[in-house]
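Worksheet: the structure to be examined is printed underneath.
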Amino acid sequence: GAVVSQHPSWVICKSGTSVKIECRSLDFQATTMFWYRQFPKQSLMLMATSNEGSKATYEQGVEKDKFLINHASLTLSTLTVTSAHPEDSSFYICSATRETYGYTFGSGTRLTVV
Amino acid sequence: EDQVTQSPEALRLQEGESSSLNCSYTVSGLRGLFWYRQDPGKGPEFLFTLYSAGEEKEKERLKATLTKKESFLHITAPKPEDSATYLCAVLKNQAGTALIFGKGTTLSVSS
């Protein structure tokens, strides 16, 4: 079955620094990747949609300069949280899809900004 | 506005006590309805996709059904290992769109 790998699983960083999260589709080439954010006991909120080689489309209210998304290949997308602050602490999850493969999710990254 | 509503928010069952989770939706142009299981601190794990009203799918103790306005996830004789949050999501009939999730139902099964 389709597998999506997300790293790191958890990260603690100091306020003002940047953090990069990687999302890889291991056994298929994803046409589209999605980044979600999840607060405790809340559902997944879509942050952005990215297609290989093109700029990401951000949801309303998501700061594109703070959450930089790069989708350099059909198997890799990265999310960089720039100048992180405590309010950016959350659970970030990526998802990858390709026709007939459905929507597969990574294992998530717990970001804590101190 | 597209919307997915799950009920109840939380459900506590005794081992062996069957029940159902509900997912009601309003979406323009439904392409598919998805059920996922999410364990604490993990990403969603795929369970089922349903595409048309009347469709049913089963996997072990779980059965998902779909009507034109809602979906049910039936859990038969649950075990403690079925404890998790169950997420419902809809996919619109537009290429490259993301899943729209409900808030989930947190199921606790005690022995």
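Would you mention how many residues in the range A:80-91 are touching a residue at least 40 places away in the same chain (Cβ under 8 Å) and either over 11 Å from the mean Cα position of the chain (by Cα) or more than 9 Å from chain B (Cβ to nearest Cβ) (or both)? Let's see the steps before the verdict.
Within the range A:80-91, the subset touching a residue at least 40 places away in the same chain (Cβ under 8 Å) is A:80-86, A:90-91.
Filter again for either over 11 Å from the mean Cα position of the chain (by Cα) or more than 9 Å from chain B (Cβ to nearest Cβ) (or both), leaving A:80-86, A:90.
Total meeting the criteria: 8.
Output the residues belonging to the range A:92-114 that are surrounded by 23 or more Cβ atoms within 10 Å (Cβ to Cβ), at the interface with chain B (Cβ under 8 Å from one of its Cβ atoms), of a type in the set (S, T, Y) and more than 15 Å from B:T49 (Cα to Cα).
Once the filter is applied, which keeps residues that are surrounded by 23 or more Cβ atoms within 10 Å (Cβ to Cβ), at the interface with chain B (Cβ under 8 Å from one of its Cβ atoms), of a type in the set (S, T, Y) and more than 15 Å from B:T49 (Cα to Cα), the range A:92-114 yields only A:S95.
Of the residues B:R37, B:R31, which single one is modelled with pLDDT under 95, in a strand (DSSP E or B) and of a type outside the set (S, T, Y)? Can you show your working first?
On the way: B:R37 fails: modelled with pLDDT under 95.
Criteria check complete, one pass: B:R31.
Mind listing whichever residues of the range B:61-106 are within 14 Å of chain A (Cβ to nearest Cβ) and closer than 21 Å to B:A10 by Cβ? Spell out the reasoning first.
Taking the range B:61-106 first, the residues within 14 Å of chain A (Cβ to nearest Cβ) are B:84-106.
Of everything in the range B:61-106, those that are within 14 Å of chain A (Cβ to nearest Cβ) and closer than 21 Å to B:A10 by Cβ turn out to be B:A84, B:T85, B:Y86, B:L87, B:C88, B:A89, B:F101, B:G102, B:K103, B:G104, B:T105, B:T106.
Does A:S77 qualify as being modelled with pLDDT under 95, more than 9 Å from chain B (Cβ to nearest Cβ) and under 23 Å from B:Y36 (Cα atoms)? Outline the logic, then answer.
On the way: modelled with pLDDT under 95: yes; more than 9 Å from chain B (Cβ to nearest Cβ): yes; under 23 Å from B:Y36 (Cα atoms): yes.
Considered against the rule, which asks whether it is modelled with pLDDT under 95, more than 9 Å from chain B (Cβ to nearest Cβ) and under 23 Å from B:Y36 (Cα atoms), A:S77 comes out as yes.
Looking at the range A:1-29 only, could you name the residues that are modelled with pLDDT under 95, more than 14 Å from the chain's Cα centre (by Cα) and more than 10 Å from chain B (Cβ to nearest Cβ)?
A:V3, A:L26, A:D27, A:F28, A:Q29
Which residue is surrounded by the most Cβ atoms within 10 Å (Cβ to Cβ), if the candidates are limited to the range A:39-56 and must be of a type outside the set (G, A, S) and within 9 Å of another protein chain (Cβ to nearest Cβ)?
Of the residues in the range A:39-56, the ones of a type outside the set (G, A, S) are A:39-42, A:44-47, A:49, A:51-52, A:55.
Restricting the remaining residues to those that are within 9 Å of another protein chain (Cβ to nearest Cβ) gives A:41-42, A:44-46, A:49, A:51.
Working: A:K41: 11, A:Q42: 13, A:L44: 29, A:M45: 16, A:L46: 19, A:T49: 19, A:N51: 16.
Step by step, filter the range A:39-56, then rank; the result is A:L44.
I need a count of the residues in the range B:5-28 that are hydrophobic (A, V, I, L, M, F, W, C) and at pLDDT below 95. So that I can check it myself, show each step before the final result.
Going through the range B:5-28, the residues hydrophobic (A, V, I, L, M, F, W, C) turn out to be B:10-11, B:13, B:21, B:23, B:27.
Remaining after also requiring at pLDDT below 95: B:27.
Here the count works out to 1.
Here are B:E81, B:E56, B:E17, B:E45: which of them is in contact with a Ser or Thr (Cβ under 9 Å, 6 or more places away or on another chain) and either surrounded by fewer than 18 Cβ atoms within 10 Å (Cβ to Cβ) or not hydroxyl-bearing (S, T, Y) (or both)?
On the way: B:E81 fails: in contact with a Ser or Thr (Cβ under 9 Å, 6 or more places away or on another chain); B:E17 fails: in contact with a Ser or Thr (Cβ under 9 Å, 6 or more places away or on another chain); B:E45 fails: in contact with a Ser or Thr (Cβ under 9 Å, 6 or more places away or on another chain).
Just one listed residue meets the conditions, B:E56.
Please specify each residue of the range A:45-56 satisfying the condition of being out of contact with any Gly (no Cβ under 9 Å at 6 or more places or on another chain) and not charged (D, E, K, R). Explain how you work it out, then say what you get.
Let us first name the residues in the range A:45-56 that are out of contact with any Gly (no Cβ under 9 Å at 6 or more places or on another chain), namely A:45-48, A:50, A:52-56.
Those that are out of contact with any Gly (no Cβ under 9 Å at 6 or more places or on another chain) and not charged (D, E, K, R): A:M45, A:L46, A:M47, A:A48, A:S50, A:G53, A:S54, A:A56.
The values are calculated or read from the model by the stated rules, or taken from the named source; none is laboratory data. The structure displayed is predicted, hence computed values, not measured ones. Cβ: placed from backbone, ideal geometry, glycine included. Neighbour counts: every protein chain shown.
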